[in-house]
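So the structure is just underneath, and the comments pick up after that.
The values are calculated or read from the model by the stated rules, or taken from the named source; none is laboratory data. Just so it is clear, the model here is predicted, and its values are computed rather than measured. A quick note on method: Cβ atoms are made from the backbone with ideal geometry, for glycine too, and the neighbour counts reach across all protein chains shown.
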Amino acid sequence: MLALNDLVARVENENGEGKEIIKGLSLNVPAGEVHAIMGPNGAGKSTLSYVLTGRDGYEVTSGSASLNDEDLLEMDPEERAAKGLYLSFQYPLEIPGVPVMTFVRTAMNAQRKMRGEDEISAPEFLKKARELAKVLKIQPDMLKRPLNVGFSGGEKKRLEIFQAMMLEPNFLILDETDSGLDIDALRIVSEGVNALRSENRGMLVITHYQRLLDHIKPDKVHVLAAGQIIKTGGPELALRLEKEGYDGVLAEANA
Ligand SMILES: Nc1ncnc2c1ncn2[C@@H]1O[C@H](COP(=O)(O)OP(=O)(O)O)[C@@H](O)[C@H]1O
Ligand SMILES: [Mg+2]
């Protein structure tokens with residue numbers, strides 16, 4: 001489903017100079033699977049998610065990236081979103097004046113339009129939003145408040161999952177690296193990820209928290225260091241990293 005082959009990418013700094021961050025990264029996430037990416041700070045984990053979604057200032061210099069055999073690198077960010085690629089923000093946007101419902105409906109309709117589909121009708125949208133809010137234990141009046149303004153950490157997490165589920169992405173990237181998940185937020189995120197698991201959907205969960213993986217049970221765990229995947233294993237690899245840190249795995253990779 002998501003196929004990255006020997007991907008090399010640079011970030012442009014304020015002076016317009018390029019710095020290579022992703023250095024020949026290959027990764028395959030088949031439909032239906034959840035893969036975790038772990039790695040030391042500065043390894044390039046967040047950069048990878050920005051490169052995949054096509055953020056400004058990130059340039060792929062070689063290699064390939066495709067979603068369902070379609071070349072992602074030829075698409076602009078909106079087209080990638082319309083193909084169902086979704087990145088959940090590490091630092092949720094606050095948008096004063098824009099209610100959650102309006103934001104989600106606008107995003108949904110923009111994607112539908114790109115795909116040549118009709119807009120979702122107001123009643124259909126409301127019904128879907130209400131049902132989902134119930135499942136995720138979101139108070140209905142929260143959906144009328146401006147996006148993320150004054151929301152608690154747990155509320156933001158719940159809304160992040162709400163947005164993802166409303167948009168029904170084909171491929172979901174969650175970057176939880178530095179967001180300081182408390183126990184409550186950990187539970188919300190893992191319940192959300194498990195609810196989003198489906199045979200047609202792939203997920204990449206970027207995390208520092210082995211504990212999150214206890215609840216999510218990833219199919220594979222990849223270690224990203226210095227812009228490359230240096231080791232791949234099952235959930236036991238995350239447990240080993242929790243115990244030993246990254247030093248052992250890094251030393252093996254360099255041996
Ligand atoms: N806009 C930028 N300009 C210069 N360097 C950057 C920029 N963004 C990221 N980097 C550098 O790229 C490396 C990887 O960053 P990042 O992808 O955020 O790491 P991770 O998410 O794994 O902690 C770091 O050394 C970081 O300083
Ligand atoms: Mg990061």
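Quick notes
- Scope region 120-136; condition outside any helix (DSSP H, G or I) and hydrophobic (A, V, I, L, M, F, W, C); matching residues: Ile120, Leu136
- Considering residues of region 42-71 that are surrounded by fewer than 13 Cβ atoms within 10 Å (Cβ to Cβ) and hydroxyl-bearing (Ser, Thr, Tyr) only, the residue nearest to ligand 1 (Cβ to nearest atom): Thr61
- Leu212 being within 16 Å of ligand 2 (Cβ to nearest atom), in a strand (DSSP E or B) and either under 24 Å from Ala133 (Cβ atoms) or touching a Leu at 6+ places or on another chain (Cβ under 9 Å) (or both): no
- Matching residues in region 137-148 - criterion: being closer than 18 Å to Ile188 by Cα, more than 23 Å from the chain's Cα centre (by Cα) and either outside any helix (DSSP H, G or I) or among the acidic types (Asp, Glu) (or both): Gln139
- Some residue of region 228-240 being in contact (Cβ under 8 Å) with a residue 24 or more places away in the chain and assigned to a strand (DSSP E or B): yes
- Counting the residues of region 8-60 that are in a strand (DSSP E or B), away from ligand 2 (no atom under 16 Å from the Cβ) and either among the β-branched types (Val, Ile, Thr) or closer than 21 Å to Asp71 by Cα (or both) gives 12.
- Residue match in region 168-175 (condition: out of contact with any Phe, Trp or Tyr (no Cβ under 6 Å at 6 or more places or on another chain), modelled with pLDDT under 80, on the phi < 0 side of the Ramachandran plot and assigned to a loop (DSSP other than H, G, I, E, B)): no
- Filter result (touching a helix residue (DSSP H, G or I) at 6+ places or on another chain (Cβ under 7 Å) and not hydrophobic (A, V, I, L, M, F, W, C)) within region 65-89: Ser66, Pro77, Glu78, Glu79, Arg80, Tyr86, Ser88
- Failed item, numbered, when Ile183 is tested on (1) within 15 Å of ligand 1 (Cβ to nearest atom); (2) more than 30 Å from Glu117 (Cα to Cα): (1)
- Checked against (1) surrounded by 16 or more Cβ atoms within 10 Å (Cβ to Cβ); (2) touching a Pro at 6+ places or on another chain (Cβ under 7 Å); (3) not in a strand (DSSP E or B), Tyr86 meets all criteria but (3).
- Within this structure, Leu204 passes the test of being modelled with pLDDT of 95 or more, within 18 Å of the chain's Cα centre (by Cα), within 16 Å of ligand 2 (Cβ to nearest atom) and closer than 28 Å to Ala133 by Cα.
- Filtering region 186-209 to residues that are within 16 Å of ligand 1 (Cβ to nearest atom) and either free of Cβ contacts under 8 Å to residues at least 40 places away in the same chain or part of a strand (DSSP E or B) (or both) leaves Leu204, Val205, Ile206, Tyr209.
- Residue in region 154-164 that is touching a helix residue (DSSP H, G or I) at 6+ places or on another chain (Cβ under 7 Å) and not in a helix (DSSP H, G or I) present: no
- Per the conditions (1) at pLDDT 95 or above; (2) under 28 Å from Ser198 (Cβ atoms); (3) of a type in the set (Gly, Ala, Ser), the sole criterion not satisfied by Gly24 is (2).
- Here Leu73 passes the criteria (1) away from ligand 2 (no atom under 16 Å from the Cβ); (2) assigned to a helix (DSSP H, G or I); (3) under 19 Å from Ala164 (Cα atoms) except the one numbered (3).
- Some residue of region 177-197 being among the polar types (S, T, N, Q) and more than 28 Å from Asn68 (Cα to Cα): yes
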